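Colleague: So that we are looking at the same thing, I have put the structure below in structure tokens.
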Amino acid sequence: MPLEAVELEVIDSLSAVAQSEWDALAGRNPFLSYQFLDAMHETGCASKRTGWIPRYLVLRRAGTLVGAMPLYLKRHSRGEYVFDHSWAQAFERNGLPYYPKLLSAIPFTPVTGPRLLAHTIEDKRLLALGAVQLAKQLEVSSLHILFPNDENRLILEDVGYMTRAGVQFHWANDGYVDFDAFLATMNQEKRKKLRQDRKKVASAGISYRWLRGNQIESKDLRFFYRCYELTYQAHWSSPYLNFEFFQRFHAEMPDAVLLVLAEREGVPVASALNVVGDDVLYGRYWGTTEFVSGLHFETCYGQAIEWCIANRVRYFEGGAQGEHKMARGLLPTPTYSAHWIADDRFAAAIDEFLVTETAAIGGYIDELEAHAPFKMLK
């Protein structure tokens, strides 16, 4: 294909591309779907007002969309889950602005997946390089690619991005026939504790219902959102996402929504909203109207794992952070981000920092794995 036929373009709205073309590149990841991202924008959750200014990069060959990259101009670091506040402070201390910066991420969603959306390695490389050129044109301090999958990460490293390591906690389904079979693989202490926690919830009169897609009624979604708001209020904060977003997400992608409802005598007291992907369940949001010992862990993790076993889903990703998840059978899993820094002096300093931090993350994961909750193999 002649070079003249390749065109990189920046768009500020998904309406500039056809949904079918976008989704053909995004694959089966629900968070990269046209509907999910468009709902984020159109409901005002990820918008100029909230500091997420779309600057999507699209690649066309002979007029056909062959590549895309979700990009945002950011004037803060909220809702990212890869923390760079110390970098921003270092810039400011030296009289340089850190914001605005350019960011490739799914807003408010710390989930690993492709960020270079294309079918060929060549086009993915063009997107990675094109993002750097865009960062230079916009004269931003830096460019950050959050939670890329392994293939994308290697491409980004190959064209000059620096890699940063992190850790999350994920659960893998080893073909368990039921929840008791999963518990049987845990060591005695953790198995006993988990059973005790489940009994506490049951003794409080709590039972569960799993609702997916059209089983979720408007009243269920409204109750969930009330719980979601209460979680933020308990931390003196405000929700990133509004009720309109959840309404739209559920209406347009019903099969991607799994709602866990905790009830006492038919009256809901807590809920967790999970997103169903391709052989993976993503734990995303939760809340409760009252405190019950063990309720959080059972609603968010126990029920999610039990649902995965019942539905033969391979993985459950428990979201950002949380060593406490290990006691529920979720194990430390490396995550990554990729970074380009415009100022060579800061790039060198950050590169040196990342070498040290990466080694520390590796040691941290090794230490966690030594305390895994499962029986030792003989």
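Colleague: Taking segment 303-358, which residues are aromatic (Phe, Trp, Tyr) and outside any helix (DSSP H, G or I)?
Modeller: 315, 316, 336, 340
Colleague: Out of the residues in segment 11-26 that are assigned to a helix (DSSP H, G or I) and among the small types (Gly, Ala, Ser), state the one that is surrounded by the most Cβ atoms within 10 Å (Cβ to Cβ).
Modeller: 26
Colleague: Residues that are closer than 25 Å to residue 12 by Cα and assigned to a helix (DSSP H, G or I): does segment 74-94 have at least one?
Modeller: no
Colleague: Any residue in segment 123-133 that is buried (at least 19 other Cβ atoms within 10 Å of the Cβ), in contact (Cβ under 8 Å) with a residue 40 or more places away in the chain and not in a helix (DSSP H, G or I)?
Modeller: no
Colleague: Among the residues of segment 318-337, write down those that are closer than 8 Å to residue 171 by Cβ and buried (at least 20 other Cβ atoms within 10 Å of the Cβ).
Modeller: Matches in segment 318-337: 318, 328, 329, 330.
Colleague: Only one of these conditions is not met by residue 50: (1) within 29 Å of residue 254 (Cβ to Cβ); (2) of a type outside the set (Phe, Trp, Tyr); (3) in contact with a strand residue (DSSP E or B) (Cβ under 7 Å, 6 or more places away or on another chain); (4) surrounded by fewer than 18 Cβ atoms within 10 Å (Cβ to Cβ). Which number is it?
Modeller: Among (1) within 29 Å of residue 254 (Cβ to Cβ); (2) of a type outside the set (Phe, Trp, Tyr); (3) in contact with a strand residue (DSSP E or B) (Cβ under 7 Å, 6 or more places away or on another chain); (4) surrounded by fewer than 18 Cβ atoms within 10 Å (Cβ to Cβ), residue 50 violates only (3).
Colleague: Is it true that residue 293 is modelled with pLDDT under 95, among the hydroxyl-bearing types (Ser, Thr, Tyr) and closer than 26 Å to residue 329 by Cβ?
Modeller: yes
Colleague: Moving on. Those residues that are touching a residue at least 40 places away in the same chain (Cβ under 8 Å), over 21 Å from residue 207 (Cα atoms) and of a type outside the set (Lys, Arg), I need them from segment 280-324; list them, please.
Modeller: Within segment 280-324, 282, 313, 315, 316, 317, 318, 319, 320, 321, 322, 323 meet the criteria.
Colleague: Would you mention how many residues in segment 214-228 are farther than 13 Å from residue 273 by Cα and assigned to a helix (DSSP H, G or I)?
Modeller: 4
Colleague: Let me ask something else about it. Within segment 149-159, which residues are touching a Pro at 6+ places or on another chain (Cβ under 7 Å) and surrounded by fewer than 22 Cβ atoms within 10 Å (Cβ to Cβ)?
Modeller: Of everything in segment 149-159, just one residue is touching a Pro at 6+ places or on another chain (Cβ under 7 Å) and surrounded by fewer than 22 Cβ atoms within 10 Å (Cβ to Cβ), namely 149.
For every residue, the table says whether it meets (1) outside the structural domain of residue 85 (by TED's automatic domain parsing); (2) aliphatic (A, V, I, L, M); (3) crowded, with 20+ Cβ neighbours inside 10 Å; (4) modelled with pLDDT under 95.
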position: 143; (1), (2), (3), (4): no, yes, yes, no
position: 147; (1), (2), (3), (4): no, no, yes, no
position: 161; (1), (2), (3), (4): no, no, yes, no
position: 188; (1), (2), (3), (4): yes, no, no, yes
position: 193; (1), (2), (3), (4): yes, no, no, yes
position: 209; (1), (2), (3), (4): yes, no, no, no
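Colleague: Which residues, taken from segment 15-39, are farther than 18 Å from residue 61 by Cα and among the aromatic types (Phe, Trp, Tyr)?
Modeller: 31, 34, 36 - these are the residues of segment 15-39 that are farther than 18 Å from residue 61 by Cα and among the aromatic types (Phe, Trp, Tyr).
Colleague: Could you tell me whether any residue of segment 104-113 is in contact with a helix residue (DSSP H, G or I) (Cβ under 9 Å, 6 or more places away or on another chain) and part of a strand (DSSP E or B)?
Modeller: Within segment 104-113 (the criterion being in contact with a helix residue (DSSP H, G or I) (Cβ under 9 Å, 6 or more places away or on another chain) and part of a strand (DSSP E or B)), the answer is yes, since at least one residue qualifies.
The rows are residues; the columns are (1) part of a strand (DSSP E or B); (2) in contact (Cβ under 8 Å) with a residue 60 or more places away in the chain.
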position: 201; (1), (2): no, yes
position: 209; (1), (2): yes, no
position: 237; (1), (2): no, no
position: 248; (1), (2): no, yes
position: 251; (1), (2): no, no
position: 263; (1), (2): yes, no
position: 269; (1), (2): yes, yes
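Colleague: Taking segment 25-43 as the region of interest, how many residues are among the small types (Gly, Ala, Ser) and within 28 Å of residue 137 (Cβ to Cβ)?
Modeller: 1
Colleague: Now a separate question. Being in contact (Cβ under 8 Å) with a residue 40 or more places away in the chain and assigned by TED's automatic domain parsing to the domain that holds residue 225: is that true of residue 277 here?
Modeller: It is true that residue 277 is in contact (Cβ under 8 Å) with a residue 40 or more places away in the chain and assigned by TED's automatic domain parsing to the domain that holds residue 225.
The values are calculated or read from the model by the stated rules, or taken from the named source; none is laboratory data. Computed from a predicted model, the values in this text were never measured in an experiment. Please note: Cβ atoms are built from the backbone with ideal geometry, for glycine as well, and neighbour counts cover all protein chains shown.
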